[in-house]
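Notes to accompany the following structure.
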Amino acid sequence: MKRIFFILMALIAIGAPAIAQNVESIRKDYNDAKDLEKRQQGDDASDINVFQTKVYKMWPGSGPHAVEVTMYCRENEDDENYDAYLDNSICFVTTSYNVAARSFYEEYLYDRNEKIEFIYARGVDDSGDMESWTEYEYRFYFGANGVIKLIVKRRPFGDESQFAQEYSGATVPDKYKAKLKELQSSSKYFKDLFDTLDNL
């Protein structure tokens, strides 16, 4: 039994640095994407390929509903089929939307193979009565085989204090799996939307 314990501990010790290194490389990619976002709002915005969509409509019972999506792309200059028109690949997506008075914001970071590597989501969990509503932040980091790190933070709805950490780990507990599935589905939706717009 002790031998099995020590083998497991050794495997964890070997795997932990690899996960930490992967998380650090994802954070570097994220910082690069945020720099791209800042440049797009600056004087040299004209050299950045950006797709934006905005939708405004009235929802029965909850009033005005607005969705804004901004998609940033990479220009693949080393593509074999390079010609006068560069092949683009999805890099970073930001989206904000509301449901009645509740606001939501999400970010999706894709690697150079257009695979999702990071998702950030901030919004409102409105299950139960209004007094029990909470604001949340999710950070999902992805490796080749799925989630390699998850950070969850919460605070009471309407509270302006710092978010308190609820969970941090290399696995996804059952209570967060529905949110993961929802956000992964959105990441695929935005990739498909990007491909559609890129072909216009």
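Give K115/K153; K153/K177; K57/K153 a once-over and call out the pairs whose C-alpha atoms are over 19 Å from each other.
Violating the 19 Å limit, Cα to Cα: K115/K153; K57/K153.
If I model a spin label as a point 7 Å beyond the Cα along the Cα-Cβ vector, how far apart are those points for K28 and T196 in nm?
3.6 nm
Amide H to amide H under 5 Å from K149: which residues, 5+ apart in sequence or cross-chain, H placed 1.01 Å off N in plane?
Y141
Please give the charge dipole size of region 108-200, origin at the Cα centre, charges +1 on K and R Cβ atoms and -1 on D and E Cβ atoms. Round to the nearest 20 debye.
It works out to roughly 440 debye.
Return the whole-Å distance between the Cα centroid of region 150-197 and the Cα centroid of region 107-147.
2 Å
Along its principal axes, what span do the Cα atoms of region 110-200 show, with the longest given first and each in whole Å?
46, 31, 22
Explain nothing, just the number: dipole magnitude of region 153-200 about its Cα centre with +1 on each Lys and Arg Cβ and -1 on each Asp and Glu Cβ, in debye rounded to the nearest 20.
Values: 9 positive and 8 negative charges, 52 e Å.
Here the size comes out at about 260 debye.
Throughout, read-outs are computed from the coordinates displayed, never taken from laboratory work. All of these numbers come straight from a predicted model, not from anything done at the bench. Virtual Cβ from ideal backbone geometry, glycine too; neighbours counted across all protein chains shown.
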